[in-house]
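Participant: Below are the structure tokens for one structure; questions will follow.
The values are calculated or read from the model by the stated rules, or taken from the named source; none is laboratory data. Given the structure is predicted, the values throughout are model-derived calculations rather than measurements. Methodologically, a virtual Cβ is constructed for each residue, glycine included, from the backbone with ideal geometry; neighbour enumeration extends over all protein chains shown.
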Amino acid sequence: MRLWKKLRLRLRTLFRRNSVDRELDAELQFHIEEQIAENRAAGLSNEEARYAALRTVGGITQFREECRDMRRVNYIDDLLRDLRYAGRNLRRSPGFATLAVLIMALGIGANTAVFSVVNTVLLKPLSFRDPDRIVTLSDFLSTGQSPTALSKQVSIPDFQDWHDQSSSFEAMAYYSSREEATIANGAAEFARRTPVSPEFFRVFGVEPIVGRPFTAEEMKRGSGGAAMISYAFWQSHFGGDPRVLGQTIRAPGPRPIAGVLPPGFRFPSNTDVWVSAVGPPGSRGGQNWLAISRLKASVTLEQAQAEMSTIARRLEQQYPESNKGRSVAVTRMRDEMIGNVRFTLYLLLGAVSVVLLIACANTATLLLGKATARTREVAVRAALGASRHRILKQLVTESLLLAFIAGASGLLLAYLGSKALVALAPADLPRLAEIGVDRWVLAFTLGISLITSLLFGVVPALYASKVDLSDALKQGATRLVGGGGMMRMRGVLVVAEIALAVVLLCSAGLLIKSFVALQNVALGFRPENVLVMRATVTAPHPFGLNPTRQFFKDMLSRASSIPGVLAAGATMTPPGNVDSTGAYMIGPLPANPDWTRSPFVVTSIVAPGTFAALGIPLKSGRDFTDNDVMDRPFVAIVNEALVGKSMANQDPIGQTIHCTFDSLNGMTIIGVVGDVHQRGPERESMPECYMPYGQHAFNGPALNMVVRTAGDPNALAETLRRLARERSSDVPMKFTTMEAILSENVAAPRFRTLLFTVFAGLAVSLAMAGVYGVMAYAVGQRSNEIGLRIALGARMGSVLRLILGQGLALTGVGLALGLAAAVVGTRLLKSMLFRVQPNDPVVYLAVAILLGIVALVASYLPARRASKIDPLTAIRQE
Amino acid sequence: MSKPTDLVQGTLDLLILKTISLEPKHGWAIAKRIQQVSREALQIQQGSLYPALHRLEQQGWIKAQWAETETGRQAKFYSLTRAGRNQLDEELASWNRLSKAINLVVREA
């Protein structure tokens, strides 16, 4: 109650200032009049009575302030007044205000945009219940580094033993996920389908919002199984109709829909349909699954890891032929997801904060320039009794206002910027779709606006408030005040700006050079003008080979006869990705083969004509033909890397190769092809074994047709679609080009190179604006001196040289410092560089030359102006 | 003439509260009353009186109201609030303690 009264009084004082002041005046007036009346009663004349009364009262204004002070509102009032004053000041110099806001908005906006990505990808907790307790269980070879991500996968028999023998987990599950032909509500298309084991949904703590969980019967091996659909899929394919339950979805076999999962749950990778994994468990070597588990609340990650290592050792002894040298790694899901991108994102955040620092230095030099112009204003205020503290507060308020306007504009830029980042970012960046501006991002913007206002505002404010009154108030003395110190300070700031910009420029240069090197890698095939058509034939019998092979055989023979088609083939995996790996042995198979000691091989199924279509050179032997079918001798084609590794001094043609693929049949090598960079240009070629699509059932219904065309490959897509539709109405198709697939391969390096280049560009522009500002200011300061020199006969050229020299000296110092810092700083980039060393002299030299030229241009304009100074005007000004 | 700064710290508040405890008074009357009762020993300067009044009002111990004086003029009258009356009691008690203690020391020592 009392609190409320007090608050009301204070608010009244604050907002009804005029009426409160009027009341105070009336009160004092009354007092004075009473005093006058008393004085008169004591026998003084009217005049004397009045004079004496006023004398006793003293300074009314000071008095009023004291009363206001008592009401404890002055600090708020001061702030409001300072803000109003600051606003007026900024309006009075719109050019300066716009420039400063623009510079800071760019800095703050870029930082906020990058932070919004960091926030979502690295900081925001995963949107599952207790996400920190979700861990992945992955297989690893204790003998050495696994060459591909695939080797993290686990087999069902191993998983079953982990499940039965461990006690660290609340729930354990395995899953695998891929795009599959799906027929829902009559439409055939690709949808992401994920077979899951019984406890999968318990790991994440999700339950269907419509329908029911899978029953024990539906989870049983060999049963028909059931399906669960995502909320998004429910909306897009069934219009959110609850009668969806019990309807059949073919993915690829028919499954009744048991339930709809809550919106937002799409794990893994935007799954549309989850089905109960009811297929055969496969062998211990069949590592085709990913395992995920929820830790019990009482168990730490280390305890779980210790338990799993023990179990893995036990399995090693029990099943040496399959499990020798293999162990389990327990990793937090979050770390697993963001492991690769964490460093890149923090590096980008570091780079963009350097841009912000430069922007701050830039704004500080602007404010320093302004401080000089305001010397007299500050001096007048000081003379009228404002304390230095009070003046400082006023100046800092101005920076604060500036920073907040910039922050608000920066937020707008960040909103657009984060959209651009999402569009540019590699598609495999985790949680890409969630990126946006949330309250943490807002808090971040507010925070950096505050911090930057101090960074760029305090030094100029200190300079501006340190005024020698008698000097400053003298007419025409403005120029001299604070000149030396302030000039030095601006020089220091500009040197810092240049040095920081050089570091960013060197980093961007290294990344660009590395990216160019990446683009110039000979890939081993010719990606231009190749259309890729992914299609899945949903045959009545999912593993029946004939109808699916027949479809592709027909398509290939029709496609080859289309005018403009140079070659056509089909492959399980177009170059750029690896879908399947295994181990291989050359020669007859020993009685107990130890596959863990065997070399790795990429395995892939192709149709005849694929090498010609992709432009992979056949080095010796022959291509597959349509006669390489099940009842003929098994054949294979290997690449040169495999020959180099295992048959360096022999003729590979005619040798027998065994691969851990869908069968262990020995295959006769009938040809050798050139190496392809299977995992993108960055990584070396691996041994590869190609097998004909007529002899292997694995990956049966799904293949990628690759068609080389004379012209634009995209023009062919419609023809192929029509041909496919003539054969079957429920074959889903997806078209892309080889070049688009490759571009995905280098999406990550392209992303960071582009961002670094943008940041470096910003940094250099800001630094050069700084050089220009300082030089222009110096010319203004020295115009008398220059005028005098010209009057005394200095040539235009020598004046130009004088000013240019000064500008270049600043740049030189900044450049030297920057290059030294870059030598140290760019070591951080080492892991991202491809065939470029962090201390590449060409890049450093190019940066030095570029910066020199830009600095020359930035100082030339002021220098020219200096050389045009009219000596008469300049000297008369004094 | 005794300046308010010579007053023991916080005594001005006590004087004001006590003076208006009987009936509401305006600033001039408060100053005059203190002067009168103290037989001219205490002269309250306007420069201390009005800030003190505003401070007391801010603390919720007194409240102000515009009203007519006997001479028919508008003046701001201050009166005690309930909280102010409690405050007065407290300050009176502590003043009594203090003055008694000082008297003891002054007489005995």
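Participant: Return the total of residues in the range B:21-42 being exposed (fewer than 14 other Cβ atoms within 10 Å of the Cβ) and within 13 Å of chain A (Cβ to nearest Cβ). Steps first, please.
Facilitator: Of all residues in the range B:21-42, those exposed (fewer than 14 other Cβ atoms within 10 Å of the Cβ) come to B:22-23, B:36-41.
Retained after the next criterion (residues that are within 13 Å of chain A (Cβ to nearest Cβ)): B:36.
Qualifying residue count, the range B:21-42: 1.
Participant: Next question. Part of a helix (DSSP H, G or I), at pLDDT 90 or above and basic (Lys, Arg), is that true of residue A:558?
Facilitator: On the way: part of a helix (DSSP H, G or I): yes; at pLDDT 90 or above: yes; basic (Lys, Arg): yes.
Judged against the criteria, residue A:558 is a match.
Participant: Something else about it: Restricting attention to the range A:437-451, does a residue exist that is in a helix (DSSP H, G or I), in contact with a Gly (Cβ under 7 Å, 6 or more places away or on another chain) and crowded, with 18+ Cβ neighbours inside 10 Å?
Facilitator: There is at least one residue in the range A:437-451 that is in a helix (DSSP H, G or I), in contact with a Gly (Cβ under 7 Å, 6 or more places away or on another chain) and crowded, with 18+ Cβ neighbours inside 10 Å.
Participant: Counting only residues that are of a type in the set (Lys, Arg) and outside any strand (DSSP E or B), how many does the range A:324-349 have? Break it down into steps so the answer makes sense when it comes.
Facilitator: Keep residues of the range A:324-349 that are of a type in the set (Lys, Arg), which gives A:324, A:326, A:332, A:334, A:342.
Narrowing the set further to residues that are outside any strand (DSSP E or B) leaves A:324, A:334, A:342.
Selection size over the range A:324-349: 3.
Participant: So, one more: Can you tell me which residue is surrounded by the fewest Cβ atoms within 10 Å (Cβ to Cβ) among those in the range A:779-818 that are in a loop (DSSP other than H, G, I, E, B) and not hydrophobic (A, V, I, L, M, F, W, C)? First the steps, then the outcome.
Facilitator: Of all residues in the range A:779-818, those in a loop (DSSP other than H, G, I, E, B) come to A:782, A:792-795.
Among the residues that remain, those that are also not hydrophobic (A, V, I, L, M, F, W, C) are: A:782, A:793, A:795.
On the way: A:782: 20, A:793: 7, A:795: 11.
Per the stated criteria, the residue is A:793.
Participant: Further question on the same structure: Please pick out the residue among A:359, A:408 that is in a helix (DSSP H, G or I) and buried (at least 18 other Cβ atoms within 10 Å of the Cβ). If you could, list the steps in order and put the result at the bottom.
Facilitator: Values: A:408 fails: buried (at least 18 other Cβ atoms within 10 Å of the Cβ).
Result of the check over A:359, A:408: A:359.
Participant: What are the residues in the range A:837-856 that are β-branched (Val, Ile, Thr) and either loosely packed, with under 13 Cβ neighbours inside 10 Å or touching a strand residue (DSSP E or B) at 6+ places or on another chain (Cβ under 7 Å) (or both), if any?
Facilitator: Filtering the range A:837-856 for residues β-branched (Val, Ile, Thr) gives A:842-843, A:847, A:849, A:853-854.
Within the range A:837-856, A:842, A:849, A:853 meet the criteria.
Participant: Here's a follow-up. Please tell me if residue A:88 is outside the structural domain of residue A:206 (by TED's automatic domain parsing) and either surrounded by fewer than 21 Cβ atoms within 10 Å (Cβ to Cβ) or of a type in the set (Gly, Ala, Ser) (or both). Show your work before the answer.
Facilitator: Working: outside the structural domain of residue A:206 (by TED's automatic domain parsing): yes; either surrounded by fewer than 21 Cβ atoms within 10 Å (Cβ to Cβ) or of a type in the set (Gly, Ala, Ser) (or both): yes.
When the stated conditions are applied, residue A:88 passes them.
Participant: Mind counting the residues in the range A:643-670 that are within 13 Å of residue A:585 (Cβ to Cβ) and assigned to a loop (DSSP other than H, G, I, E, B)?
Facilitator: We begin by selecting, within the range A:643-670, every residue within 13 Å of residue A:585 (Cβ to Cβ); these are A:645-647, A:655-661, A:664-667, A:669.
Restricting the remaining residues to those that are assigned to a loop (DSSP other than H, G, I, E, B) gives A:647, A:655, A:660-661, A:664-666.
Number of matching residues: 7.
Participant: Could you list all residues from the range A:33-45 that are crowded, with 18+ Cβ neighbours inside 10 Å and at the interface with chain B (Cβ under 9 Å from one of its Cβ atoms)? Full working, then the answer.
Facilitator: Residues of the range A:33-45 that are crowded, with 18+ Cβ neighbours inside 10 Å, as a first pass: A:34-36, A:39.
Across the range A:33-45, the qualifying residues are A:34, A:35.
Participant: Now for a different question. I'd like to verify a number: residues in the range B:45-84 that are on the phi > 0 side of the Ramachandran plot and within 8 Å of another protein chain (Cβ to nearest Cβ), how many?
Facilitator: Residues of the range B:45-84 that are on the phi > 0 side of the Ramachandran plot, as a first pass: B:60, B:72.
Next, from what is left, pick out any that are within 8 Å of another protein chain (Cβ to nearest Cβ): B:60.
Number of matching residues: 1.
Participant: Which numbered condition trips up residue A:233, out of (1) surrounded by fewer than 18 Cβ atoms within 10 Å (Cβ to Cβ); (2) within 15 Å of residue A:259 (Cβ to Cβ)?
Facilitator: With respect to (1) surrounded by fewer than 18 Cβ atoms within 10 Å (Cβ to Cβ); (2) within 15 Å of residue A:259 (Cβ to Cβ), residue A:233 is out only on (1).
Participant: Which one of these is in contact with a Pro (Cβ under 6 Å, 6 or more places away or on another chain), surrounded by 14 or more Cβ atoms within 10 Å (Cβ to Cβ) and among the hydroxyl-bearing types (Ser, Thr, Tyr): A:571, A:625, A:596, A:581? Even if it seems obvious, please write down each step before you answer.
Facilitator: Working: A:571 fails: in contact with a Pro (Cβ under 6 Å, 6 or more places away or on another chain); A:596 fails: in contact with a Pro (Cβ under 6 Å, 6 or more places away or on another chain); A:581 fails: in contact with a Pro (Cβ under 6 Å, 6 or more places away or on another chain).
A:625 is the lone residue from the list that is in contact with a Pro (Cβ under 6 Å, 6 or more places away or on another chain), surrounded by 14 or more Cβ atoms within 10 Å (Cβ to Cβ) and among the hydroxyl-bearing types (Ser, Thr, Tyr).
Participant: Considering A:387, A:399, which residue is of a type in the set (Ser, Thr, Tyr) and in contact with a helix residue (DSSP H, G or I) (Cβ under 7 Å, 6 or more places away or on another chain)? Lay out the reasoning, then the answer.
Facilitator: Numbers: A:387 fails: in contact with a helix residue (DSSP H, G or I) (Cβ under 7 Å, 6 or more places away or on another chain).
Only one candidate qualifies: A:399.
Participant: If you don't mind, another one. Please go through the range A:172-221 and pick out each residue that is closer than 15 Å to residue A:731 by Cα and surrounded by fewer than 20 Cβ atoms within 10 Å (Cβ to Cβ). Give the steps one after another, and end with the answer.
Facilitator: Just the residues of the range A:172-221 that are closer than 15 Å to residue A:731 by Cα, to begin with: A:179-191.
Matches in the range A:172-221: A:179, A:183, A:185, A:186, A:187, A:188, A:189, A:190.
Participant: Looking at the range A:848-878 only, could you name the residues that are free of Cβ contacts under 8 Å to residues at least 24 places away in the same chain and under 48 Å from the mean Cα position of the chain (by Cα)?
Facilitator: Residues satisfying the conditions are A:849, A:853.
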